[in-house]
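First the structure, in the form of structure tokens, and then the observations on it.
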Amino acid sequence: MPSKVRIALDAMGGDVGAAVVIPGAAISLHRHREIEFLLVGDRAKIEPELEKHPALKAASKIIHTDVAVAMHDKPSQALRRGRKTSSMWLAIDAVKKGEADVVISAGNTGALMAMSRFHLRTLPGIDRPAIAGVWPTKRGESVVLDLGAAIGGDAHHLVSLAVMGAAMASVLFDKPRPTVGLLNIGTEEIKGHEEIREAGDRLRAVNLPELDYLGFVEGDGIGKGLADVIVTEGFSGNIALKAAEGTARQMAELLRNEMQRSWLSKLGYLLARSAFKALRDKMDPNKSNGGVFLGLNGIVVKSHGGISSEGFAYAIDVGYEMAHYDLLNKINQMLNREGGALSSVQTAQEAVS
């Protein structure tokens, strides 16, 4: 574990930029005093915010650029226009050069993935990176991936996701052998696409020491917390994420309307206020902010673009945990050591065939 965790922040990213990024960094620094920040962006916008937070100012260094990737830019446009000059690129470059342990941005997701993959490259054995997020469940939290980085994927890709997701869960949840499930349309072994069934066969046959494969999990099993890690390809994962977010907003709106319908419902709310507060805290999107790009030669965390400073601080917290507990090295060892996860799975595949 490094004694200091160096975090590069894209201070120009997101809907607001430095006005959210800097206060968020101050909140996270209060929780993790060993963080050092590289604040990448327009000095004229960063310094006024930084003056409000003396402790953060003492723990930060500014890398100036006035070039920012727009939220509407296509990935190809961002690479062409912002390569080597934008705040997003320079923050990623700090990780590439070893000047930072992790980069965090609330900017354009497609651009961040394209730049990260282009500049950092993927780990040996990984074809495509994935976005992994923390999902609140009845039992606590689960890691869910892929949330939209790569559409489709063969059995090898799904097994890679399982291994990387297990590494992330072991760091976040302090579990040496997290449980893993493959998202599917049913729990029976005959259900689902061929690549999902094949991935299940491989994981079952190899019985990896780094994870405990449980089998297939249906969509409602995510919220039930049936596994520490839920694995799916990016198309289904993104639909599941957006459906869950939309349902949560709908339920909150319906509940709010019902609570205001009559004096009896208002009285009921007052009597159950503590329960509603606990529910609101449990479902707070701020606390689930921070999607980790897994499979790259560097740690990259994506924050929601329209998040508050408190929410951005949670994304920094995720990045801190990933770097502090050496996620990258853990994934590398699991994937590529002699007799490691992917080589073991390959042997198991041949045995199954």
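The values are calculated or read from the model by the stated rules, or taken from the named source; none is laboratory data. From a predicted model like this one, the values you see are computed outputs, not experimental measurements. So basically every Cβ, Gly included, is an ideal-geometry build from the backbone, and we count neighbours across all protein chains shown. What goes into the accessible areas is simple: the full protein's heavy atoms, side chains included, and nothing from ligands, DNA or RNA. Shrake-Rupley method; radii C 1.70, N 1.55, O 1.52, S 1.80 Å.
Each part reduced to its alpha carbon centroid, region 48-91 and region 167-226 end up 38 Å apart. Across Val16, Val143, Val40, mean-square fluctuation computed from a Gaussian network of the chain (C-alpha pairs under 10 Å connected) peaks at Val16. Within a straight-line Cα-Cα reach of under 21 Å, Lys138 can be paired with the following lysines, leaving aside sequence neighbours fewer than 8 residues apart in one chain: Lys175, Lys224, Lys242, Lys277, Lys282, Lys287. Solvent-accessible surface of region 136-226, averaged per residue with a 1.4 angstrom probe and all protein chains in place: 42 square angstrom. The label-point distance for Arg139 and Ala244, in a model that sets each label 7 Å from Cα toward Cβ, rounds to 1.4 nm. Phi angles across region 235-250 convert, under the Karplus curve 6.51 cos²θ - 1.76 cosθ + 1.60 with θ = phi - 60°, into 3J(HN,Hα) values of 5, 5, x, 5, 4, 4, 5, 5, 5, 5, 5, x, 5, 4, 5, 5 Hz, Gly and Pro given as x.
Among Ala162, Ala205, Ala11, the largest mean-square fluctuation in a Gaussian network model of the chain (Cα springs under 10 Å) belongs to Ala205. Using a 7 Å offset from Cα along Cα-Cβ at Leu255, what residues in region 126-153 end up with backbone N under 15 Å from the label point? Under 15 Å, as judged by backbone N against the label point of Leu255, lie 136-138 of region 126-153. Counting only protein heavy atoms and a 1.4 Å probe, tell me what percentage of region 127-288's accessible area is made up of carbon and sulfur. With neighbouring chains kept in place, the figure for region 127-288 is 56 percent. Ordering Gly223, Leu327, Val21 by Cα displacement along the dipole of the chain toward the positive end leaves Val21 in first place; charges were set at the Cβ atoms of Lys, Arg (+1) and Asp, Glu (-1). Contact order for the chain, expressed relative to its length and based on alpha carbon pairs under 8 Å spaced 6+ residues apart, stands at 23 percent. Sorted from longest to shortest, the spans of the Cα atoms of region 127-288 along the three principal axes equal 60, 30, 28 Å. With the chain treated as a Gaussian network of Cα nodes joined by springs under 10 Å, which of Asp42, Asp73, Asp93 yields the largest mean-square fluctuation? Between Asp42, Asp73, Asp93, it is Asp73 that shows the largest mean-square fluctuation.
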